[in-house]
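FYI, it's all coordinate maths here, none of it is from the lab. Fair warning: this is a prediction, and the values are worked out from it, not measured in the lab. Heads up, the Cβs are rebuilt from the backbone with ideal geometry, glycines too, and the neighbour counts pull from every protein chain shown.
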Amino acid sequence: MPRLSINEMTTYRWSFLEDITGLQALGVESVGVWRRKLSDFGEERGVELLRESGLAVSSLWSAGGFTGSDGHTYKDAVEDALDALRLAAEMKANCLVVVSGGRASHTLSHARRLLRDALRELGDAAAHYGLSIALAPLHCPAHDRSSFLSSLDAALEMLTSCDHPRVGLVFDFLHVAHDPALCQRLAKFVPWIKIAALCDARLPAHSDDDRRIPGKGQLPLAEIFAALEGSGYRGAYDVHLLGENCWGLEYPNLVHDCLEGLTALCPRVFARPAAAPGA
């Protein structure tokens, strides 16, 4: 699996077809697939297009809502996640990303129990397909209805309670903006990380609109990469840029700037092989 991926939420205005053909033309080797775009294009057609393109799939985003905060029952949410897992297996994704759902009217202990039960069931199914479940804590107030887990520490506590080898963590670089000491504590999270959601950020970061192209913000990216790689992380980095500041850019330029910025920040991981003479 390539180490660098571009998430389809980063290229928000592009369609699924534009994402696959555009990223392929830009020399990107891996994509984080967004279910909404894939559904709009058609799942069967989309999986076939991915196979023809040769792009690897780092992740499928996302499923969840197991607490019923979005109006669906627990059973419906689990069934939807199992459908997403089967789809992830068809496209040979490395992992399926899930979110917990908001606390809604539940006690915190009940919300945690619902999530733990769902993760264990999904973990068993993921083992059958040979892939992983990645739990994403969401840190911004706007996401309160989507997740009652707002920090890496809260997510790690849940994963430890769940204790399933196929269930792990999404590490979102934006969490460092909310915890400047996180780099010093990253080693304890690394064994759980299934995928890293990569961005830079304007500080102080209050929302997803503060995400920036790598190298264009104020996060200590070189330090974060060193801490992750030095602690043994060898998974994918999925460029995850949200908000109008990024979505309004020309996407070929955005992707090019991401590739250039990452190569400068961490060449050991992101430098691309030089083209052969005459190529």
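With an 8 Å cut-off on Cα pairs and a minimum separation of 6 or more residues, tell me the relative contact order of the chain in percent.
On the way: 535 pairs, mean separation 47.9, N = 279.
Relative contact order for the chain comes out at 17 percent.
Relative contact order for region 150-228 using alpha-carbon pairs under 8 Å, separation at least 6, rounded to a whole percent?
Numbers: 98 pairs, mean separation 21.6, N = 79.
About 27 percent, as a whole number.
Would you grab the residues whose amide H sits under 5 Å from the one on residue 134? Only those 5+ places off in sequence or on another chain, please, with H modelled 1.01 Å from N.
Amide H neighbours of residue 134, under 5 Å, 5+ apart: 96, 97, 98, 168.
May I ask you to derive the FRET efficiency for residue 247 and residue 268 from their Cβ-Cβ distance with R0 = 30 Å, giving the value to the nearest 0.05?
Calculated transfer efficiency: 0.50.
Only sites in a loop by DSSP and with at most 16 other Cβ atoms within 10 Å count here; which trypsin sites (Lys or Arg not before Pro) in region 87-117 make the cut? Provide the component values of the computation, followed by the final result.
On the way: sites: 92, 103, 112, 113, 116; in loops: 92, 103.
Here the trypsin sites (Lys or Arg not before Pro) that fit, given the DSSP loop and packing criteria, are 92.
How big is the dipole moment of region 4-270 about its Cα centre under a simple scheme where the beta carbon of each Lys and Arg is +1, that of each Asp and Glu is -1, and everything else is neutral? Debye, nearest 20, please. Before the final figure, lay out each step's value.
Values: 25 positive and 35 negative charges, 128 e Å.
That gives region 4-270 a dipole magnitude of about 620 debye.
Using Cα atoms only, what is the angle between the long axis of helix 108-129 and the major principal axis of the chain, expressed in degrees (0 to 90) to the nearest 10?
Once rounded, one gets 60 degrees.
If each of residue 179 and residue 218 carries a label point 7 Å out from its Cα toward its Cβ, how far apart are those two points in nm?
A separation of 2.1 nm, rounded to one decimal place.
For the chain, what is the percent of antiparallel DSSP beta bridges, rounded to the nearest 5? Please report the intermediate quantities before stating the final value.
Values: 2 of 31 bridges.
Antiparallel: roughly 5 percent of the beta bridges in the chain.
Mind listing which trypsin sites (Lys or Arg not before Pro) in region 202-240 are in a DSSP loop and have 12 or fewer other Cβ atoms within 10 Å? If you can, show how the numbers build up before the last one.
Working: sites: 202, 211, 212, 216, 234; in loops: 202, 216, 234.
Loop-located and lightly packed - 234.
Using +1 at the Cβ of each Lys and Arg and -1 at the Cβ of each Asp and Glu in region 27-180, identify which of 47, 28, 131 lies farthest towards the dipole's positive end.
Of the listed residues, the answer is 131.
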